[in-house]
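First the structure, in the form of structure tokens, and then the observations on it.
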Amino acid sequence: MLEIGTKAPEFTLPDQNGEMKSLADFRGKKVVLYFYPKDMTAGCTKQACAFGELYPQFMEKGAVVLGVSKDSVASHKKFEEKYGLPFTLLSDTEKEVIQAYDVWKEKKNYGKVTMGVVRSTYLIDEEGMIIKAFGNVKAADNPGKMLEEI
């Protein structure tokens, strides 16, 4: 995880509509930047739907939610449409942002060791500084906890 109090690494990635979005686009707002392993999987769907349900409350607090995974733009679009997700999903197929935010790690699954995205969430302030960092978060609890942190 990156250190609290450090500048969040800048990035530009395509969203679920193929439009390029940069962290700088959201200056002046708090940004909940969450990294998740894969579209359409059980845990990731729970997490995304919970963020979706709470999204109006995030907006009321002047915050945006950005979800990042290594899935393609097309996969993100299907995910958004299937679950009616109201926030931005960013496609990082090259894992550049995933690695810049230090969430590409060794994972153990049923005794097998693989590399993958560790479900993590950063809270970035209006000036682009990391003010909270949570690694290995629980999918279902993470959105509510992030709302409390803002």
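The values are calculated or read from the model by the stated rules, or taken from the named source; none is laboratory data. All of these numbers come straight from a predicted model, not from anything done at the bench. Neighbour counts are summed over all protein chains in view; Cβ atoms, including those assigned to glycine, are modelled from backbone coordinates with ideal geometry.
Just a few scattered comments:
- Gly116 free of Cβ contacts under 8 Å to residues at least 40 places away in the same chain and either surrounded by 20 or more Cβ atoms within 10 Å (Cβ to Cβ) or farther than 24 Å from Gln57 by Cα (or both): no
- Top-ranked residue of region 94-134 - restricted to ones that are small (Gly, Ala, Ser) and modelled with pLDDT of 95 or more, ranked as nearest to the chain's Cα centre (by Cα): Ser120
- Complete set of residues in region 45-64 that are under 22 Å from Lys82 (Cα atoms), touching a residue at least 60 places away in the same chain (Cβ under 8 Å) and surrounded by 21 or more Cβ atoms within 10 Å (Cβ to Cβ): Gln47, Phe51, Phe58
- Those strands (runs of 3 or more DSSP E) of region 10-58 in which 3 or more residues are over 13 Å from the mean Cα position of the chain (by Cα) and farther than 17 Å from Ala139 by Cα occupy 20-22.
- Residue count for region 119-150 satisfying the condition of being hydrophobic (A, V, I, L, M, F, W, C), closer than 23 Å to Lys70 by Cβ and either out of contact with any Cys (no Cβ under 8 Å at 6 or more places or on another chain) or free of Cβ contacts under 8 Å to residues at least 60 places away in the same chain (or both): 8.
- Odd one out for Lys70, checked against (1) surrounded by fewer than 17 Cβ atoms within 10 Å (Cβ to Cβ); (2) touching an Asp or Glu at 6+ places or on another chain (Cβ under 6 Å): (1)
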